[in-house]
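Trainee: Handing you this structure, nothing more for now.
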Amino acid sequence: MSLQAYHLACTRGERELFQNIGFDLHAGDAMRVAGANGSGKTSLLRMLCGLAFPAAGEVRWNGRNIRSAREEFGSELIYLGHANGVKDDLLAWENVVVAATLSGTPVGRDQAYAALGALGLARAADLPTRALSQGQRKRVALARLRLSMQTPLWILDEPFAALDQDAVTELCATLNLHLAQGGMVIYTTHQEINLTSQRSLHLDLSRDTLC
């Protein structure tokens, strides 16, 4: 299992955000994408998901260009962007069920309860999502990760934003479990996070460096 990026470039209008970005990730690897605001972090994540096209270069999943392996790649990917993507009119557990179903892994109420409980939301499972705080809403969105351990690639845009320290600890435990089971995680964050992975990479778009 591998995800490779070759000579990726991104432009916005006449401005070049980054160029010549490349890496090679394998099972158990984690990569943090850093950079100043406007450096193209979200744009890069969307390219890696196949939601945006690079100005140059390509992304490959298990050796195949993701544009020609769209169906296979989509079934092996979880992408969580800035927006929580939760429905205000649904209860917290209902949101988890809907998100899991849309991603192709249908679950029941008990599984949704367990996923929310793992992120400290057991008491809020039956509340309307509109009644939850921003941090709680974030955790509702992240709960689907607990139900997606078999999905190998997780790409997460600012997953720790709006979370308190307990929730950060709980999310790190979820990510570490996924990595220990051979999953891959690509993420952005402004916080200092230590994940336990086979190999940890740091890609800084402000400097076009990978270490």
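Trainee: Convert 4 °C to kelvin, take the viscosity as 1.567 mPa s, use the Kirkwood radius over C-alpha pairs of the chain as Rh, and evaluate the Stokes-Einstein diffusion coefficient in µm²/s, rounded to a whole number. Intermediate values should be presented prior to the final figure.
Mentor: Numbers: Rh = 17.6 Å.
Value of D from the Cα-based Kirkwood radius: 74 µm²/s.
Trainee: Counting only protein heavy atoms, what percent of the accessible surface of region 39-148 is carbon or sulfur at a 1.4 Å probe? Walk me through the intermediate numbers first.
Mentor: On the way: 2650 of 5340 Å².
The C+S portion of the solvent-accessible surface of region 39-148 is 50 percent.
Trainee: Something else about it: With θ set to phi - 60°, apply the Karplus curve 6.51 cos²θ - 1.76 cosθ + 1.60 along region 170-176 and write out the HN-Hα couplings as whole Hz, x wherever there is a Gly or Pro.
Mentor: 5, 5, 4, 4, 5, 5, 5
Trainee: Shifting gears a bit: Using a basic spin-label model with each label point 7 Å from the Cα along Cα→Cβ, how many nm lie between ASN37 and ARG70?
Mentor: Inter-label distance under the simple model: 3.4 nm.
Trainee: Tell me, what ³J(HN,Hα) does each residue in region 142-159 have, in order and in whole Hz, if you take phi through Karplus 6.51 cos²θ - 1.76 cosθ + 1.60 with θ = phi - 60° and put x for Gly and Pro?
Mentor: Those phi angles translate into 6, 4, 4, 5, 4, 9, 10, 4, 7, 7, x, 10, 10, 10, 10, 9, 6, x Hz.
Trainee: So, one more: If each residue of separation counts as 0.36 nm, what is the full-extension length gain between ARG207 and LYS87 once their alpha-carbon separation is subtracted? Write down the numbers at each step before the final one.
Mentor: On the way: separation 120, 0.36 × 120 = 43.20 nm, distance 3.80 nm.
Taking 0.36 nm per residue and subtracting the Cα distance, the gain is 39.4 nm.
Trainee: Considering only the other residues whose Cβ falls under 12 Å of the Cβ of THR42, what net charge follows from Lys and Arg at +1 and Asp and Glu at -1?
Mentor: On the way: positive: ARG12, LYS41, ARG46; negative: ASP157, GLU158.
The answer is +1.
Trainee: On to the next question. Per residue, how much accessible area does region 1-123 show when a 1.4 Å probe rolls over the protein heavy atoms, in square angstrom? Mind dumping the intermediate values first?
Mentor: Numbers: 6170 Å² over 123 residues.
Per-residue accessible area for region 1-123 comes out at 50 Å².
Trainee: For the residue pair ASP166 and LEU102, what label-to-label distance in nm results when each label sits 7 Å from Cα along the Cα-to-beta-carbon direction?
Mentor: 2.8 nm
Trainee: Using only Cα atoms, what is the ratio of the radius of gyration of region 78-146 to 2.2 N^0.38 Å?
Mentor: Details: Rg = 10.4 Å, N = 69, 2.2 N^0.38 = 11.0 Å.
Rg over 2.2 N^0.38 Å, computed on Cα atoms: 0.94.
Trainee: Set Lys and Arg Cβ to +1 and Asp and Glu Cβ to -1, take the dipole of the chain about its Cα centre, and tell me which of GLN198, THR42, SER68 lies farthest positive.
Mentor: The residue sitting most towards the positive pole is SER68.
Trainee: From the phi angles alone, apply the Karplus equation (6.51, -1.76, 1.60; θ = phi - 60°) to region 102-113 and give each ³J(HN,Hα) in whole Hz, x where the residue is Gly or Pro.
Mentor: Taking θ as phi minus 60°, the curve returns 5, 8, x, 10, x, 9, x, 4, 4, 5, 5, 4 Hz for region 102-113.
Trainee: Related question: When N is the residue count of region 1-63, what does its C-alpha Rg come to as a fraction of 2.2 N^0.38 Å? Kindly include the intermediate steps, with their values, before the conclusion.
Mentor: Values: Rg = 11.6 Å, N = 63, 2.2 N^0.38 = 10.6 Å.
In units of the globular-protein estimate, region 1-63 measures up at 1.09.
The values are calculated or read from the model by the stated rules, or taken from the named source; none is laboratory data. Keep in mind it's a predicted model, so treat the numbers as computed, not measured. Glycine also receives a Cβ, built like all others from the backbone with ideal geometry; neighbour counts cover every protein chain displayed. Heads up: the accessible areas ignore ligands, DNA and RNA and are worked out on the full protein's heavy atoms, side chains in. Shrake-Rupley method; radii C 1.70, N 1.55, O 1.52, S 1.80 Å.
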